[in-house]
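Have a look at the structure below, then the notes.
Here, each number is a calculation from the coordinates, and none is a lab measurement. Just so it is clear, the structure is predicted and the values come from calculations on it, not from any experiment. Neighbour counts run over all protein chains shown; Cβ positions are idealised from the backbone, glycine included.
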């Protein structure tokens, strides 16, 4: 599978936006001192999930997999982080940003159907 560099760049922006959204949620929803802890901890947890679980040989990454998982599991991690970021924007009282983010993610995933198909057909040993 060859990946469109433009879609990879867009995905990077979505990744960064989603991870930042976890911090926004921590800041807007919780009171001190929790807000100071969660504004850092929530994005770190999201980034750790994103970076740890990978499909071996994934052409959108280095090909290495710190923790090798099947394609559907990786897709679940991606959906949880990306759409979770949009959901947390909603929960943080930013519904317009949440809707824009969610709609853009749906469009992206429709355009990246080849990657979705690739992930769904990859077992752990792939």
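Once you place label points 7 Å from the Cα toward the Cβ at residue 29 and residue 117, how far apart are they in nm?
Modelled inter-label distance: 3.7 nm.
Can you give the Rg/Rh ratio of the range 5-120, where Rg is from the C-alpha atoms and Rh is the Kirkwood radius? If you can, show how the numbers build up before the last one.
Details: Rg = 14.6 Å, Rh = 14.7 Å.
Value, to two decimals: 1.00.
Give the relative contact order (percent, whole number) for the chain; include only Cα pairs under 8 Å separated by 6+ residues. Numbers along the way, then the final one.
Working: 165 pairs, mean separation 37.6, N = 126.
Dividing the mean separation by the residue count of the chain yields 30 percent.
For the range 33-72, rounded, prolate or oblate, judged on the Cα gyration tensor with a ≥ b ≥ c (square roots of eigenvalues), a/c < 1.5 rounded, else prolate if a/b > b/c?
prolate
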